[in-house]
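K.L.:
Supplied in structure tokens, the structure appears directly below.
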Amino acid sequence: MQHRVIPSSELIINDDGTVFHLHLLPEQLADIVILVGDPARVDLIAERFDDVECRVANREFRTVTGHYKGRRMTVLSTGIGIGNIDICVTELDALANVDFATRTVKEEFRQLTLVRLGTSGALQADIEVGEVVFARTSVGFDSLLGYYAGRDSVCNVEMEQHFTESVGWQKKLPTPYFVDADKELWELFKDSVTEGITIAAPGFYAPQGRYVRLQPADQDLNAKIEAWRYGERRITNFEMEGSALAGLAALMGHRAATMCTIIAQRIAKKAQTDYRPYVERMITMALDGLATLK
């Protein structure tokens with residue numbers, strides 16, 4: 001069987017052998033990858049490592065690989081937004097599963113574990129600032145996954161249809177997609193987190209129902225989202241990256257999950273700007289759990 005050679009325009013490899021945006025070499029990537037939005041949070045995690053193998057930085061993408069309690073891990077900052085997740089997950093997969101010398105997919109698949117640690121705003125009154133919500137299902141308000149073949153094979157199409165019909169989804173907006181987190185990761189963390197259905201929005205303001213000067217097209221959308229139920233399940237919070245992570249990882253065969261510390265209560269219209277202690281608690285919980293992962 002002849003393997004497809006990936007053109008240099010489709011997967012750009014720098015002159016030093018690193019992948020284009022992340023500037024990483026294949027050997028610098030661990031099987032467990034922690035993703036954070038804020039580049040400063042990379043150091044907050046890496047300072048807990050027992051040792052550090054490498055530090056790499058390019059644009060908003062900062063990477064540290066080292067060991068925590070004997071487990072090799074990589075922590076990577078993605079910056080904000082769905083587009084950056086498309087870059088990061090695709091290039092991480094290439095580092096793991098493409099032979100850079102021949103530009104062909106390797107015969108043996110290497111599975112990555114990708115865990116996003118983020119911050120988020122709660123959409124239910126009983127979810128308090130400081131809680132960690134595990135996105136057991138991620139909802140994409142972006143259109144990214146529709147550009148990839150096999151979208152429906154990793155999505156809960158029935159839940160998607162129920163949601164769009166219930167809230168009267170506007171046809172001019174991208175159709176939301178619903179993707180479940182990896183089941184093993186849910187089992188690993190379920191006793192330490194709040195179960196959630198988490199929306200990843202393509203923006204911070206109107207896409208999350210915020211009104212500064214520009215009015216949202218549907219001013220009642222957040223209220224409809226808050227009221228929606230699928231059996232006993234409900235939408236819990238907003239963030240900006242988890243759907244792309246869940247969807248791309250599922251299509252590629254990787255394990256993925258998103259956990260977010262709640263720093264804003266959208267119902268009470270309150271926010272906590274000094275949220276570092278909450279995030280540090282989430283980081284410790286995540287690292288300790290991932291160190292035991294089989």
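The values are calculated or read from the model by the stated rules, or taken from the named source; none is laboratory data. Note that this is a predicted model, so its numbers are computed, not measured. Virtual Cβ from ideal backbone geometry, glycine too; neighbours counted across all protein chains shown. Calculation scope for accessible area: heavy atoms of the full protein, side chains included, ligands and nucleic acids excluded. Shrake-Rupley method; radii C 1.70, N 1.55, O 1.52, S 1.80 Å.
K.L.:
Could you check which residue among CYS155, CYS54, CYS88 shows the biggest mean-square fluctuation in a GNM of the chain with a 10 Å Cα cutoff?
P.N.:
Looking only at CYS155, CYS54, CYS88, the biggest GNM fluctuation is shown by CYS54.
K.L.:
Right, another one. In segment 244-266, whose amide N lies under 19 Å from the spot 7 Å out along Cα-to-Cβ of GLU53? List them in ranges.
P.N.:
It comes to 255, nothing else.
K.L.:
Gain in length, GLN161 to ASP126, computed as 0.36 nm per residue apart minus the alpha-carbon separation, to one decimal in nm?
P.N.:
9.9 nm is the gain from fully extending GLN161 to ASP126.
K.L.:
Calculated from DSSP H runs of 4 or more alone, at -39500 (n - 2.57) each and per residue, what is the 222 nm mean residue ellipticity of the chain, nearest 500?
P.N.:
So the helix-based figure for the chain works out to -8000 deg cm²/dmol.
K.L.:
Among the lysines in the chain, how many pairs, 8 or more places apart or on different chains, have alpha carbons under 25 Å apart?
P.N.:
Value for the chain: 10.
K.L.:
For volume of the Cα convex hull per residue in Å³, pick the label among (1) 170; (2) 128; (3) 145 that corresponds to the value derived from the coordinates.
P.N.:
Given (1) 170; (2) 128; (3) 145, the structure-derived one carries the label (3).
K.L.:
Using the heavy atoms of the protein chains alone and a 1.4 angstrom probe, what is the accessible area of the chain per residue in square angstrom?
P.N.:
I get 47 Å² per residue for this part.
K.L.:
Under 10 Å, Cα contacts only: if you run a Gaussian network model on the chain, which one of LYS172, LYS224, LYS190 comes out with the highest mean-square fluctuation?
P.N.:
Comparing LYS172, LYS224, LYS190 in the GNM, the peak value goes to LYS172.
K.L.:
Which loop-located GluC sites (Glu not before Pro) does segment 102-157 contain, where loop means any DSSP state but H, G, I, E or B and the Cβ has at most 15 other Cβ atoms within 10 Å?
P.N.:
Passing both the DSSP loop test and the Cβ count: GLU107, GLU108, GLU128.
K.L.:
Give the calculated FRET efficiency between ALA268 and GLN170 to the nearest 0.05, with a Förster radius of 30 Å applied to their Cβ-Cβ distance. Mind dumping the intermediate values first?
P.N.:
On the way: r = 27 Å, r/R0 = 0.90.
Approximately 0.65, to the nearest 0.05.
K.L.:
Per residue, how big is the convex hull around the C-alpha atoms of segment 51-116? Give it to me in cubic angstrom, could you?
P.N.:
118 Å³
K.L.:
For segment 4-65, which chymotrypsin sites (Phe, Trp or Tyr not before Pro) are in a loop by DSSP, counting at most 15 other Cβ atoms within 10 Å?
P.N.:
Those satisfying the criteria are PHE20.
K.L.:
Ok, one more. Starting at the first residue of segment 57-70, write each ³J(HN,Hα) from the Karplus equation 6.51 cos²θ - 1.76 cosθ + 1.60 with θ = phi - 60°, in whole Hz, x for Gly and Pro.
P.N.:
Result, rounded to whole Hz: 9, 8, 6, 7, 8, 10, 10, 10, 10, x, 10, 10, 6, x.
K.L.:
Let me ask something additional. Tell me whether segment 1-141 comes out rounded, prolate or oblate; compute the Cα gyration tensor, take square roots of the eigenvalues as a ≥ b ≥ c, and use a/c under 1.5 as the rounded threshold.
P.N.:
It is prolate, given that a/c is not under 1.5 and a/b is the larger ratio.
K.L.:
How long are the semi-axes of the ellipsoid equivalent to segment 22-86, from square roots of 5 times the Cα gyration tensor eigenvalues, in whole Å, largest first?
P.N.:
19, 12, 10
K.L.:
Let me ask another. Assuming R0 = 25 Å, what is the FRET efficiency of GLU27 and LYS183, from their Cβ-Cβ distance, to the nearest 0.05?
P.N.:
According to the calculation, E is roughly 0.25.
K.L.:
Out of the chymotrypsin sites (Phe, Trp or Tyr not before Pro) in segment 92-188, which ones are loop residues according to DSSP with at most 16 other C-beta atoms within 10 Å?
P.N.:
PHE100, PHE109, TYR148
K.L.:
First select every other residue whose beta carbon is under 15 angstrom from the beta carbon of VAL179; then total the charges, Lys and Arg +1, Asp and Glu -1.
P.N.:
-3
K.L.:
Cut-off 10 angstrom, C-alpha nodes, Gaussian network model of the chain. Which of ARG213, ARG229, ARG266 fluctuates the most?
P.N.:
ARG213
K.L.:
Once the convex hull of the C-alpha atoms of segment 102-226 is built, how many Å³ does it hold per residue, rounded to a whole number?
P.N.:
Cα convex hull per residue, to the nearest whole number: 165 Å³.
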